[in-house]
1. Among the numbered conditions (1) of a type outside the set (A, V, I, L, M); (2) over 22 Å from P182 (Cα atoms); (3) touching a Pro at 6+ places or on another chain (Cβ under 7 Å), tell me where Q285 comes up short.
2. Out of the residues in the stretch 1-27 that are assigned to a loop (DSSP other than H, G, I, E, B), without any contact (Cβ under 8 Å) to a residue 60 or more places away in the chain and surrounded by fewer than 17 Cβ atoms within 10 Å (Cβ to Cβ), which is nearest to the chain's Cα centre (by Cα)?
3. Counting only residues that are in contact with a Ser or Thr (Cβ under 8 Å, 6 or more places away or on another chain) and assigned to a helix (DSSP H, G or I), which one in the stretch 96-124 is modelled with the lowest pLDDT?
4. For the subset of the stretch 231-273 comprising residues that are assigned to a loop (DSSP other than H, G, I, E, B) and among the hydroxyl-bearing types (S, T, Y), which member is nearest to A189 (Cα to Cα)?
5. Hey, among the residues in the stretch 192-226 that are closer than 23 Å to I274 by Cα and surrounded by fewer than 17 Cβ atoms within 10 Å (Cβ to Cβ), which one's farthest from the chain's Cα centre (by Cα)?
6. Against the definition (within 30 Å of L87 (Cα to Cα) and touching a Pro at 6+ places or on another chain (Cβ under 6 Å)), how does S166 come out, yes or no?
7. Within the stretch 72-94, does at least one residue satisfy the condition of being in contact (Cβ under 8 Å) with a residue 60 or more places away in the chain, farther than 19 Å from E19 by Cβ and surrounded by fewer than 17 Cβ atoms within 10 Å (Cβ to Cβ)?
Amino acid sequence: MHRFHHSDLVEQIKAASRESPLLYGTGQDFPKSRLQKLRTSQAWLKRDDELSFMISGPKFRKLCGMSKILEANERLASWGSSRSAFLFALAGQAKTLGKTLDLFLLESTPWQNKGADKLYRAVFEEHRLTFVPRHEWANVKDRMPADARVIPEGGVGEEALFGAMSLGLDLAEQLERLNLKPKKVWIDAGTGLTAKALIWSLGTLMPDPPEVQVVLCAGDEKTFAESLITEHYIIAPYKLHRPPTARSYGSTNQTIFKTIDRYLKDETVLLDPIYTAKLLLSYEQEKGEGDIIIHSGGVLNNFGFD
(Lines give C-alpha, C1' and ligand atoms only; values in the text may rest on other atoms or scores of the structure.)
Protein backbone atom coordinates (compact mmCIF):
# COMPACT_ATOMS: atom_id res chain seq x y z
CA MET A 1 0.00 0.00 0.00
CA HIS A 2 1.10 3.58 -0.64
CA ARG A 3 0.73 6.65 1.53
CA PHE A 4 -2.90 7.79 1.21
CA HIS A 5 -3.77 11.42 0.64
CA HIS A 6 -7.14 13.11 1.10
CA SER A 7 -8.70 12.48 -2.32
CA ASP A 8 -7.32 8.93 -2.56
CA LEU A 9 -8.77 7.95 0.80
CA VAL A 10 -12.17 9.51 0.14
CA GLU A 11 -12.54 7.48 -3.05
CA GLN A 12 -11.31 4.24 -1.43
CA ILE A 13 -13.81 4.59 1.42
CA LYS A 14 -16.70 5.32 -0.92
CA ALA A 15 -15.73 2.58 -3.35
CA ALA A 16 -15.62 -0.05 -0.59
CA SER A 17 -19.25 0.52 0.46
CA ARG A 18 -20.76 1.68 -2.82
CA GLU A 19 -23.66 -0.55 -3.97
CA SER A 20 -23.58 -2.55 -0.74
CA PRO A 21 -26.85 -4.47 -0.24
CA LEU A 22 -26.90 -2.98 3.26
CA LEU A 23 -27.36 0.49 1.72
CA TYR A 24 -29.92 -0.54 -0.91
CA GLY A 25 -32.53 2.17 -1.42
CA THR A 26 -30.83 4.72 0.85
CA GLY A 27 -29.21 6.74 -1.93
CA GLN A 28 -25.95 6.67 0.06
CA ASP A 29 -22.59 5.48 -1.27
CA PHE A 30 -21.32 4.92 2.28
CA PRO A 31 -23.03 4.76 5.71
CA LYS A 32 -23.98 8.05 7.34
CA SER A 33 -25.46 8.83 10.75
CA ARG A 34 -26.83 12.02 12.26
CA LEU A 35 -25.58 14.26 15.07
CA GLN A 36 -27.78 14.94 18.10
CA LYS A 37 -27.17 17.76 20.56
CA LEU A 38 -27.42 16.45 24.11
CA ARG A 39 -29.79 18.30 26.44
CA THR A 40 -27.73 17.78 29.59
CA SER A 41 -24.34 18.87 28.23
CA GLN A 42 -22.76 20.84 25.40
CA ALA A 43 -21.74 17.68 23.54
CA TRP A 44 -22.98 16.16 20.32
CA LEU A 45 -23.86 12.49 20.07
CA LYS A 46 -23.09 10.82 16.75
CA ARG A 47 -25.92 8.35 16.36
CA ASP A 48 -24.15 5.39 14.80
CA ASP A 49 -26.53 3.29 16.91
CA GLU A 50 -29.25 4.20 14.41
CA LEU A 51 -27.43 2.53 11.50
CA SER A 52 -28.46 -0.93 12.66
CA PHE A 53 -30.62 -2.55 15.33
CA MET A 54 -28.99 -5.79 16.47
CA ILE A 55 -25.36 -4.96 15.75
CA SER A 56 -23.38 -1.82 16.45
CA GLY A 57 -23.00 0.98 13.92
CA PRO A 58 -19.24 0.37 13.53
CA LYS A 59 -19.88 -3.33 12.75
CA PHE A 60 -22.49 -2.26 10.21
CA ARG A 61 -19.88 0.01 8.62
CA LYS A 62 -17.36 -2.85 8.53
CA LEU A 63 -19.87 -5.13 6.77
CA CYS A 64 -20.74 -2.45 4.23
CA GLY A 65 -17.06 -2.11 3.38
CA MET A 66 -16.72 -5.89 3.05
CA SER A 67 -19.79 -6.34 0.82
CA LYS A 68 -17.87 -6.80 -2.44
CA ILE A 69 -15.63 -9.44 -0.83
CA LEU A 70 -18.63 -11.30 0.62
CA GLU A 71 -20.51 -11.22 -2.68
CA ALA A 72 -17.51 -12.38 -4.74
CA ASN A 73 -16.84 -15.56 -2.72
CA GLU A 74 -19.15 -18.55 -2.45
CA ARG A 75 -17.47 -19.91 0.68
CA LEU A 76 -16.44 -17.83 3.68
CA ALA A 77 -14.74 -18.73 6.95
CA SER A 78 -13.97 -16.96 10.20
CA TRP A 79 -13.32 -17.64 13.85
CA GLY A 80 -14.02 -16.15 17.27
CA SER A 81 -16.04 -16.41 20.44
CA SER A 82 -19.35 -18.28 20.45
CA ARG A 83 -20.80 -14.93 21.57
CA SER A 84 -19.04 -12.73 19.02
CA ALA A 85 -21.20 -9.84 17.83
CA PHE A 86 -19.09 -9.54 14.68
CA LEU A 87 -19.63 -13.21 13.79
CA PHE A 88 -23.35 -12.71 14.50
CA ALA A 89 -23.38 -9.90 11.94
CA LEU A 90 -21.28 -11.85 9.44
CA ALA A 91 -23.49 -14.92 9.81
CA GLY A 92 -26.59 -12.88 9.12
CA GLN A 93 -25.12 -11.28 6.02
CA ALA A 94 -23.80 -14.61 4.70
CA LYS A 95 -27.30 -16.08 5.08
CA THR A 96 -28.83 -13.14 3.22
CA LEU A 97 -26.34 -13.52 0.37
CA GLY A 98 -26.74 -17.30 0.21
CA LYS A 99 -23.10 -17.99 1.03
CA THR A 100 -21.56 -21.01 2.73
CA LEU A 101 -19.99 -19.94 6.02
CA ASP A 102 -17.66 -22.01 8.19
CA LEU A 103 -17.50 -20.71 11.76
CA PHE A 104 -14.81 -21.90 14.15
CA LEU A 105 -15.94 -21.05 17.68
CA LEU A 106 -13.94 -21.14 20.88
CA GLU A 107 -15.37 -23.86 23.10
CA SER A 108 -16.74 -22.23 26.24
CA THR A 109 -19.86 -22.14 28.42
CA PRO A 110 -22.70 -23.76 26.44
CA TRP A 111 -25.40 -21.49 25.10
CA GLN A 112 -28.31 -21.05 27.50
CA ASN A 113 -31.90 -21.10 26.32
CA LYS A 114 -32.43 -17.44 27.20
CA GLY A 115 -31.26 -13.92 26.45
CA ALA A 116 -28.70 -13.27 23.74
CA ASP A 117 -27.66 -16.94 23.73
CA LYS A 118 -30.94 -17.85 22.01
CA LEU A 119 -30.11 -15.37 19.26
CA TYR A 120 -26.51 -16.55 18.83
CA ARG A 121 -27.59 -20.17 18.60
CA ALA A 122 -30.42 -19.46 16.14
CA VAL A 123 -28.16 -17.49 13.80
CA PHE A 124 -24.97 -19.56 14.11
CA GLU A 125 -26.67 -22.94 13.69
CA GLU A 126 -27.68 -21.94 10.18
CA HIS A 127 -24.01 -22.39 9.22
CA ARG A 128 -21.20 -24.94 9.55
CA LEU A 129 -19.98 -24.87 13.15
CA THR A 130 -16.78 -26.27 14.60
CA PHE A 131 -16.11 -25.83 18.31
CA VAL A 132 -12.41 -25.60 19.06
CA PRO A 133 -11.05 -26.52 22.51
CA ARG A 134 -9.19 -23.73 24.29
CA HIS A 135 -5.90 -25.66 24.27
CA GLU A 136 -6.05 -25.81 20.46
CA TRP A 137 -7.21 -22.22 19.93
CA ALA A 138 -3.72 -20.81 19.25
CA ASN A 139 -3.68 -22.76 15.97
CA VAL A 140 -7.27 -22.09 14.92
CA LYS A 141 -6.16 -20.30 11.73
CA ASP A 142 -4.72 -23.61 10.49
CA ARG A 143 -8.25 -25.03 10.38
CA MET A 144 -9.54 -22.56 7.78
CA PRO A 145 -10.76 -24.30 4.59
CA ALA A 146 -8.39 -23.86 1.65
CA ASP A 147 -11.20 -22.88 -0.75
CA ALA A 148 -12.80 -20.28 1.56
CA ARG A 149 -12.26 -16.53 1.77
CA VAL A 150 -11.05 -16.11 5.32
CA ILE A 151 -12.32 -13.14 7.34
CA PRO A 152 -10.08 -12.39 10.36
CA GLU A 153 -11.45 -12.58 13.90
CA GLY A 154 -13.59 -9.52 14.63
CA GLY A 155 -13.12 -8.31 11.06
CA VAL A 156 -9.80 -6.83 12.18
CA GLY A 157 -7.95 -6.61 8.88
CA GLU A 158 -7.66 -4.86 5.53
CA GLU A 159 -10.98 -6.40 4.43
CA ALA A 160 -12.97 -4.21 6.83
CA LEU A 161 -10.70 -1.17 7.18
CA PHE A 162 -12.22 1.13 4.56
CA GLY A 163 -15.70 0.32 5.84
CA ALA A 164 -14.58 1.25 9.36
CA MET A 165 -13.02 4.45 8.00
CA SER A 166 -16.39 5.59 6.69
CA LEU A 167 -17.04 6.89 10.22
CA GLY A 168 -14.15 9.36 9.83
CA LEU A 169 -15.30 10.49 6.38
CA ASP A 170 -18.90 10.82 7.55
CA LEU A 171 -17.84 12.91 10.55
CA ALA A 172 -15.35 15.06 8.63
CA GLU A 173 -18.02 15.97 6.05
CA GLN A 174 -20.55 16.76 8.79
CA LEU A 175 -18.17 19.02 10.67
CA GLU A 176 -17.39 20.98 7.49
CA ARG A 177 -21.04 21.20 6.47
CA LEU A 178 -22.19 22.37 9.93
CA ASN A 179 -19.11 24.51 10.57
CA LEU A 180 -18.42 22.69 13.83
CA LYS A 181 -14.92 22.72 15.29
CA PRO A 182 -14.85 20.27 18.19
CA LYS A 183 -11.64 19.93 20.15
CA LYS A 184 -12.31 16.29 21.03
CA VAL A 185 -14.06 13.21 19.65
CA TRP A 186 -14.84 10.38 22.07
CA ILE A 187 -15.01 6.71 21.06
CA ASP A 188 -14.92 3.37 22.88
CA ALA A 189 -12.66 0.51 21.84
CA GLY A 190 -12.90 -3.26 22.04
CA THR A 191 -10.76 -4.81 19.30
CA GLY A 192 -9.71 -1.24 18.53
CA LEU A 193 -10.09 -1.32 14.74
CA THR A 194 -12.82 1.32 14.61
CA ALA A 195 -10.94 3.66 16.96
CA LYS A 196 -7.74 3.28 14.96
CA ALA A 197 -9.63 3.76 11.70
CA LEU A 198 -11.09 6.99 13.12
CA ILE A 199 -7.65 8.28 14.14
CA TRP A 200 -6.15 7.43 10.74
CA SER A 201 -9.05 8.78 8.69
CA LEU A 202 -9.48 12.06 10.58
CA GLY A 203 -5.72 12.62 10.49
CA THR A 204 -5.59 12.05 6.74
CA LEU A 205 -8.84 13.79 5.79
CA MET A 206 -8.72 16.89 8.01
CA PRO A 207 -6.01 19.60 8.10
CA ASP A 208 -6.61 20.25 11.81
CA PRO A 209 -8.40 17.20 13.26
CA PRO A 210 -9.85 17.08 16.78
CA GLU A 211 -8.08 14.99 19.40
CA VAL A 212 -9.56 11.48 19.50
CA GLN A 213 -10.29 10.30 23.05
CA VAL A 214 -10.22 6.49 23.07
CA VAL A 215 -11.83 4.71 26.04
CA LEU A 216 -10.24 1.25 26.19
CA CYS A 217 -13.00 -1.10 27.31
CA ALA A 218 -10.67 -3.98 26.36
CA GLY A 219 -6.97 -4.25 25.60
CA ASP A 220 -4.13 -2.11 26.95
CA GLU A 221 -2.53 1.22 26.15
CA LYS A 222 0.82 -0.13 24.92
CA THR A 223 -0.68 -2.59 22.44
CA PHE A 224 -3.09 0.00 21.07
CA ALA A 225 -0.39 2.65 20.62
CA GLU A 226 1.97 0.23 18.89
CA SER A 227 -0.76 -0.96 16.50
CA LEU A 228 -1.44 2.65 15.42
CA ILE A 229 2.00 3.06 13.85
CA THR A 230 1.65 3.18 10.07
CA GLU A 231 3.26 4.67 6.97
CA HIS A 232 -0.03 4.74 5.06
CA TYR A 233 -2.05 7.32 6.99
CA ILE A 234 -1.58 10.48 9.04
CA ILE A 235 -2.22 9.86 12.73
CA ALA A 236 -4.57 12.40 14.33
CA PRO A 237 -3.84 13.52 17.90
CA TYR A 238 -5.23 11.01 20.38
CA LYS A 239 -5.39 10.22 24.08
CA LEU A 240 -6.11 6.87 25.72
CA HIS A 241 -8.41 6.44 28.74
CA ARG A 242 -9.49 3.59 30.96
CA PRO A 243 -13.15 3.52 32.08
CA PRO A 244 -13.59 5.33 35.41
CA THR A 245 -15.43 2.30 36.85
CA ALA A 246 -15.88 -1.42 36.03
CA ARG A 247 -12.56 -1.39 34.19
CA SER A 248 -12.33 -5.10 33.42
CA TYR A 249 -13.80 -6.04 30.05
CA GLY A 250 -17.43 -7.14 30.43
CA SER A 251 -17.67 -6.09 34.07
CA THR A 252 -20.58 -3.96 35.31
CA ASN A 253 -21.81 -2.35 38.52
CA GLN A 254 -24.60 -0.13 39.83
CA THR A 255 -22.90 3.03 38.55
CA ILE A 256 -23.04 1.62 35.02
CA PHE A 257 -26.74 0.74 35.24
CA LYS A 258 -27.63 4.07 36.85
CA THR A 259 -25.88 5.81 33.95
CA ILE A 260 -27.93 3.80 31.44
CA ASP A 261 -31.11 4.72 33.30
CA ARG A 262 -30.14 8.40 33.49
CA TYR A 263 -29.42 8.76 29.76
CA LEU A 264 -32.60 6.92 28.85
CA LYS A 265 -34.67 9.32 30.97
CA ASP A 266 -32.78 12.54 30.20
CA GLU A 267 -31.85 12.04 26.54
CA THR A 268 -34.04 9.11 25.36
CA VAL A 269 -30.82 7.36 24.39
CA LEU A 270 -30.19 3.68 25.14
CA LEU A 271 -26.63 2.87 26.20
CA ASP A 272 -25.16 -0.57 26.77
CA PRO A 273 -23.26 -1.69 29.90
CA ILE A 274 -20.17 -3.05 28.13
CA TYR A 275 -19.11 -0.07 26.02
CA THR A 276 -21.21 3.07 25.67
CA ALA A 277 -22.14 3.59 29.34
CA LYS A 278 -18.42 3.52 30.16
CA LEU A 279 -17.75 5.88 27.25
CA LEU A 280 -20.25 8.45 28.52
CA LEU A 281 -18.95 8.18 32.07
CA SER A 282 -15.44 8.85 30.76
CA TYR A 283 -16.65 11.89 28.84
CA GLU A 284 -18.36 13.22 31.97
CA GLN A 285 -14.98 13.36 33.71
CA GLU A 286 -14.05 16.25 31.38
CA LYS A 287 -17.27 17.47 29.70
CA GLY A 288 -15.65 19.48 26.92
CA GLU A 289 -17.93 21.99 25.23
CA GLY A 290 -18.84 20.94 21.70
CA ASP A 291 -17.22 17.50 21.98
CA ILE A 292 -18.44 14.72 19.69
CA ILE A 293 -19.31 11.33 21.26
CA ILE A 294 -19.61 8.29 18.98
CA HIS A 295 -22.60 6.20 20.12
CA SER A 296 -21.95 2.80 18.55
CA GLY A 297 -25.15 1.09 19.79
CA GLY A 298 -26.19 -2.47 19.08
CA VAL A 299 -28.84 -3.91 21.39
CA LEU A 300 -27.14 -7.33 21.39
CA ASN A 301 -24.96 -5.99 24.24
CA ASN A 302 -28.07 -5.28 26.33
CA PHE A 303 -29.45 -8.81 26.37
CA GLY A 304 -29.08 -10.75 29.59
CA PHE A 305 -29.08 -7.74 31.92
CA ASP A 306 -31.95 -6.87 34.23
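The values are calculated or read from the model by the stated rules, or taken from the named source; none is laboratory data. What you see is a predicted model; the values in this text were computed from it and never measured. Reconstructed Cβ throughout: ideal geometry from the backbone, glycine too, with neighbour counts over all protein chains shown.
1. If we test Q285 against (1) of a type outside the set (A, V, I, L, M); (2) over 22 Å from P182 (Cα atoms); (3) touching a Pro at 6+ places or on another chain (Cβ under 7 Å), just (2) comes out false.
2. R18
3. Y120
4. This residue is Y249.
5. Only one residue tops the list, namely K222.
6. Yes: the conditions hold for S166.
7. Yes, the stretch 72-94 contains a residue that is in contact (Cβ under 8 Å) with a residue 60 or more places away in the chain, farther than 19 Å from E19 by Cβ and surrounded by fewer than 17 Cβ atoms within 10 Å (Cβ to Cβ).
Every residue, every condition in (1) touching an Asp or Glu at 6+ places or on another chain (Cβ under 9 Å); (2) more than 28 Å from S201 (Cβ to Cβ), yes or no:
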residue	(1), (2)
T223	no, no
S227	no, no
I234	no, no
P243	yes, no
S251	no, yes
Q254	no, yes
R262	no, yes
K265	no, yes
Y275	yes, no
